[in-house]
Amino acid sequence: LESGQLVSFYKDDVKALPDLPAPLPSPGGLGVVALKVGSKVEIIGSLTPGGHKGKKGEITRFIDANNNPEVRLESGQLVSIYKDDVKALPDLPASASPLPPPVGLGSEPLKVGSKVEIIGSKTPGGHKGKNGEITRFVDAGNNPEVKLESGQLVSFYKDDVRAVSPLPGLAASAALTIGSKVEIIGSKTPGGHLGKKGEITRFIDANNNAEVKLESGQLVSFYKDDFKGVVASPLPPPGGLGSAELKVGSKVEIIGSKTPGGHLGKQGEITRFIDANNNAEVKLESGQLVSFYKDDFKGVVASPLPPPGGLESAELKVGSKVEIIGSKTPGGHLGKKGEITRFIDASHNPEVRLESGQLVSVYKDDVKALPSASPLPPPGGLGSAVLKIGSKVEIVGSKTPGGHKGK
């Protein structure tokens, strides 16, 4: 469509327009300058439908052998025009005051990809003060086509633009790479992301413009001068304030807030280290996996524990009935009972199957062994029938955990 939109149509929704009428004046209409791709033109006639008389634009191509041109208007709209509806605008007069080399007033040479500011008004359209990026040069005079922040493509006289130097602080001391943490410091990229933070997921072109995953999870492609690397301040050795050496499986507490998400005070376990800086992925007590800056967590150093079995003298072993008497193990299991299924490490911290059936790995000082059941009457309990496989029974006591009395 004339707006530039591509749409697939049913064939009965379209009709062919008649060919352009008989020979028209030579390219250039009333103007004395020959029409060519890149020529600045003004619409001076009304043979072309659409009410474009008086508008200005630039020729992007010729659509047929009669040299009828396609024109990109200042609004960005592409329109095919009868050649006698346009006249070429003269190039900058030779008598114009000398211009600096194609850099406008800036000190950097203009090139494809340069960030520029519109500082003059020779180019029609009222673009002074806008910013954009050079997409190509439209002629041998180094007049550039600029993609403005609005997305509009406009061809400018080169003395209407100047290169914008990179923002101070862009080159953070750490080179930006995939995975770098960044802060959004500019507004050239539309969307109102100034001040947000995120992580580079990929570079989208040779100019190091990057796709950033914001803390909200949104993926946004940014101009490179809209973000800067976040250089982490010196951090304590892995584990923050904790003295225990951190490793996969270490229990940690979240003590800082550099990592987004509001996890301060939570506890969990390191599942892996995500980079050479010992930043770690932690499985929180809720089961959520979160990647943390290393200075946001500290190792949880267990206080000296009584011998296995907590306060009880009974030795812990696979099959021991135990009660949860402490809260070092996350999950709120204090007061629950269960049975040891295995020992998960050399420190004899056990895995316990709770009465609910849930399997939980517990610090050994959080459990105490329950005393063995007192001697029972010979099989048959209080009944006179001898117990055997297939015997019908009633649960008459509560020593067995699970609340089955009366069943």
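Computed FRET efficiency, Cβ-Cβ of I119 and S150, R0 25 Å: what is it to the nearest 0.05? Working from the Cβ atoms, E equals 0.90. In the assembled protein chains, H348 presents an accessible area of approximately 90 Å² (probe radius 1.4 Å).
The order of the peptides 44-54, 6-16 by mean Cβ neighbours within 10 Å, most packed first, is 44-54, 6-16. Under 19 Å of direct C-alpha separation, and excluding same-chain neighbours fewer than eight residues apart, K368 reaches these lysines: K317, K321, K328, K336, K337, K399.
Sum up the charges of everything whose Cβ sits under 12 Å from the Cβ of G299, counting Lys and Arg as +1 and Asp and Glu as -1, but leave G299 out.
+1
In this simple spin-label approximation, H348 and I395 carry label points 7 Å from Cα along the Cα→Cβ vector, and these lie 3.1 nm apart. In summary, the lysines within cross-link reach of K130, defined as a Cα separation below 17 angstrom excluding same-chain residues under 8 places away, comprise K115, K122, K147, K158, K188. Tally Lys and Arg at +1 and Asp and Glu at -1 over the other residues with C-beta under 12 Å from the C-beta of E215: what net charge comes out? In short, +3.
For S75, the solvent-accessible surface with a 1.4 Å probe is about 90 Å², rounded to the nearest 10. V386 to R272: FRET efficiency via 1/(1 + (r/R0)^6), r the Cβ-Cβ distance, R0 60 Å, to the nearest 0.05? Once rounded, the FRET efficiency stands at 0.55.
A simple spin-label model places the labels of L17 and A34 2.7 nm from each other, with each point 7 Å out along Cα-to-Cβ. Using 0.36 nm per residue and subtracting the Cα-Cα separation, the extra length available between L78 and T177 on full extension is 31.8 nm.
Take the Cα of N142, step 7 Å toward its Cβ, do the same at Q358, and the gap between the two points is 7.1 nm.
The values are calculated or read from the model by the stated rules, or taken from the named source; none is laboratory data. All values reported here derive from a predicted model rather than from experimental measurement. With ideal geometry, Cβ positions are generated from the backbone for all residues, glycine too; neighbour counts draw on all protein chains shown. Remember, those area values only see protein heavy atoms, side chains included, never the ligands or the DNA or RNA. Shrake-Rupley method; radii C 1.70, N 1.55, O 1.52, S 1.80 Å.
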